[in-house]
Amino acid sequence: MPATVDSGLPGATAGSAAQLNTFRHYRHLTLELAISQFKLRYTQSVLGYFWSLLKPAMIFAITFLIFVGLFKIKDGTQYYGIQLLLGIVTWTFFAECTGSSMQAIAGSAGLIRKAYFPRSILVIAASMSSLFTFLINLTIVFVIAVGLHQIDIGLRIVFVIPLLLELYLLAIGISLFLSALFVQFHDIGHLWDVLMNLLFYGSGVMFSLTYVLQRAHLVLAVGQTLAAGQKLAVGAKLFGGTTVPPPSNLWAVILVCCNPIMQTIEDLRHALLTPQAPWTELVVTGHLAAVNQYAHLDDPWLLPVPFLVVVLIVTVGALTFRARARTFAEDL
Amino acid sequence: MTATDRALAIKVENLSKRFRIPLDRSSTLKHRLTHWRSASRYRTLEALRDVSFEVPAGEFTGIIGHNGSGKSTLLKILARIYRPDAGRVAIEGKVSPFLELGVGFNPELTARENIFLSGAILGLGRVELHRLFEEIIGFAELEQFVDHKLKNFSSGMEVRLAFSLAIQAHAEILMMDEVLAVGDASFQQKCFDVFKGYKREGRTVVLVTHELSAVNQYCDRALLLDHGRLVADGLATEVTAQYRRAIGLAADGSRLSDEVERWGSRDVVLTGARMLDERGVEDCNPPTGGFTRVELGYQIQNDSVADFVCVIWLVRDDGQVLAEARLPVSQYAQVGSSQRGASGTIRYDIPEIPLLDGGYSVNIELQGRRDGATYDHLNHAVRFHVVDKGGRGGLIDPGGVWSVVPTEQPVVGWPDQFAATQQ
């Protein structure tokens, strides 16, 4: 016999007004949970909420000192400092959001065992406090950039909204996936820490895409092998045939190119700060080919890849979460 | 559709729920690494078996049964917290989404913040909460503590806050799990007053409780669960009476008066008996091969008692005695040299219970060491149900360990008594 829980007995009609009421109630619950989590996060600390603003600033200071002060790295892009800051702020959001949302389910065992509501509310509520901090940090970056005259404001600033939405969706998709698995496998937490470390270097936080293309010999290496006749399905479409040394790191390039975090950070820099080095535009216009004289990263095929990755991750995350949410109350 | 059909609030058909409980409860990393192969071993606990019933709108229903009978599981399925494995649940009307008082309370938040957080879980809107705020605080008598953190509240204050908030939830069907077990006498009185109000308003209430008197007082009818099965469904007074008979409770609540199941001179009396798992938690559903402790209390009623012995029988539900265990001589002194009024606890640990799936009980007797006189004998002192993960036949699980050793040639011959026939 199938197991079902109906909301109404036969003959009952579920009015759309009732559904609207339910929606309103859950929106309210999400907000209340987010507000109390926000308050709880900063109790028992002297500086309180200030920490969330202080942390990216301190990371920025360290990174800037090491890369610019110590290694004298210049990536040739405009306003390297402010670009770095924007990258760090964006990355901090992503890292904090996934990190705290991962424990949203396991950390609310009491609530889940005793009250009914859609479990995804807990994950979304947990992400909201990171999102709020991120928006404040973005405003601060903007103000600093204006103050230092390191910004070229243009109409492209409107793209900030869809880009933030994309990044938030990505973070939610990953959070749903992680939080659902974290209930039974706490190993996920350690694994994600390691993966985040890898992602940090693969997301262009400390350097722009232009820099990668100019400096990365791995890219130079790609084209030649392809020209030499190797039929790598993805690679063949990605890179036109030219004469360069054999590739050893083709997979790394492709991964970086498929990384939506890299794409959002790069496009945010473009939309907010400088017309230079936008990921999406480079792909569309074939501008990448000009930047890199050896390989042609100008195939429009690449354009939708980061967006498709986001859609894929959100779908997998939501489905995993839905399947596992049925037994959260029992598993916890 | 008839008129009575339409008045139904809850309709449950053939509901079943199983839990898979990992046999290996240890969670240290080292243990998990060394025992990773056994991590997938589970025992199945049938929490609910084919339960069907209906609750008409506006009725008070009590769910009673022993610990582990499936009461709370049933309530959690009705509240949509658990999903059933089989069967159908239909509910008409808005169900309270919570089971206990103070759901979502956080000790680090103030009373005010907790009201808004917990209120949201209860389904109250922000505007509504603002409007009701003074009333909630007033009812809880906490006007001076509105902005104090909950962790600084006494448990009585916390319960008052939780209760005055909970009664504002405007669900048509209320589910309550042991709400009567908390608070002092005056708080319980408040509870009952609110219940009377619910009754007048014609709300449907499903109540899980151990307080049989409360069931008699407030519930129109009661459901009795036993090992996941619905064994009685009827008038509250009749069902509670049946439950009392089953567990040997007298109508006045005093335990064990059934002469047929209990006899003896009562020079030493049994004060209680229970079954515990390895963590010391009461558990009447041990798994095959699991650790089980039978624990019983005694009290000496007569100075003339010198030494006494404790005997425990494990009995299958069909009456077959499976084992008899007697307190060894070496332990006599510990119970023997006591005065009238002295009491103590006797434990009988079974490291790996070999019994297979089925219903059993423990019979206990305290008897004089010298004359063998029966001081107190009690049949079915503890009823328990062994849960087997299946795949075994026969009467017991001897707990044998298998291994396979490949060899070049066959090295195992026959025992000597077969030597002649084989050659």
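A short reminder: the numbers here are calculations on the coordinates, not readings from a lab. Being a predicted model, the structure only gives us computed values, none of them experimental. When we count neighbours, we look across all protein chains shown, and the Cβ atoms used for this are built from the backbone with ideal geometry, even at glycine.
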- What average number of partner chain Cβ atoms lie no more than 10 Å from the Cβ of the residues making up B:14-21? 2
- Subtract the Cα-Cα distance of B:Val281 and B:Ser155 from 0.36 nm times their separation in residues, and report this length gain in nm to one decimal. 43.0 nm
- Message: How far apart, in nanometres, would the label points at A:Leu65 and B:Ser343 be if each is projected 7 angstrom from Cα along the Cα-to-Cβ direction?
- Response: 6.8
- Task: Search the structure for amide H atoms under 5 Å from the amide H of B:Thr271, placed 1.01 Å from N in the peptide plane, and list their residues when 5 or more places away or on another chain.
- Result: B:Gly297, B:Tyr298, B:Gln299
- Suppose R0 equals 56 Å; then what is the FRET efficiency for A:Leu148 and B:Arg229 from their Cβ-Cβ distance, rounded to the nearest 0.05? 0.15
- Message: Net charge within 10 Å of A:Gly48 by Cβ-Cβ distance, Lys/Arg positive one each and Asp/Glu negative one each, not counting A:Gly48 itself?
- Response: +2
- Message: 7 Å from Cα along Cα→Cβ at both B:Leu356 and B:Arg326: what's the point-to-point distance in nm?
- Response: 3.0
- Note on the structure: So, with points 7 Å from each Cα along the Cβ direction, the B:His148-B:Asp317 label distance in nm works out to 5.2
- Query: For the range A:100-116, list residues with backbone N below 17 Å from a point placed 7 Å from the Cα of A:Leu198 toward its Cβ?
  - Reply: none
- Item | Partner chain coverage, peptide A:32-45 - average Cβ within 10 angstrom | 3
- So, by mean Cβ neighbours within 10 angstrom, what's the order for B:202-208, B:105-111 with the highest one leading? B:202-208, B:105-111
- What does the average come to when, for each residue of peptide B:75-83, you count the partner chain Cβ atoms lying within 10 Å of its Cβ? 5
- Under Karplus coefficients 6.51, -1.76 and 1.60, residue-wise ³J(HN,Hα) of the range B:398-405 in Hz, glycine/proline x: x, x, x, 10, 8, 7, 10, 10
- Message: Less than 15 Å Cβ to Cβ from B:Leu75, Lys/Arg counted +1 and Asp/Glu -1: what total charge do the surrounding residues give?
- Response: +3
- Quick one: net charge around B:Gly102, please, counting Lys, Arg +1 and Asp, Glu -1 for every other residue with C-beta under 12 Å from its C-beta. 0
- Query: From the cross-link list B:Lys94/B:Lys196; A:Lys39/B:Lys190; B:Lys71/B:Lys151; B:Lys71/B:Lys190; A:Lys114/B:Lys17, which pairs have alpha carbons spaced over 22 Å apart?
  - Reply: A:Lys39/B:Lys190; B:Lys71/B:Lys151; B:Lys71/B:Lys190
- Query: Assuming R0 = 25 Å, what is the FRET efficiency of B:Lys190 and B:His170, from their Cβ-Cβ distance, to the nearest 0.05?
  - Reply: 0.85
- Query: Taking amide H positions as placed 1.01 Å from N in the peptide plane, with prolines and chain starts having none, which residues 5 or more places from B:Ile396, or on another chain, fall under 5 Å of its amide H?
  - Reply: none
- Task: Please turn the phi angles of the range B:102-114 into ³J(HN,Hα) values with the Karplus equation 6.51 cos²θ - 1.76 cosθ + 1.60 (θ = phi - 60°), one per residue in order, whole Hz, x for glycine and proline.
- Result: x, 5, x, 4, 10, x, 7, 9, 7, 4, 4, 5, 5
- Query: Considering amide H positions built from the backbone, and no H for Pro or chain starts, which residues 5 or more places from A:Val183, or on another chain, come under 5 Å of its amide H?
  - Reply: none
- What does the highest-first list of B:122-135, B:160-173 look like by mean Cβ count within 10 Å? B:160-173, B:122-135
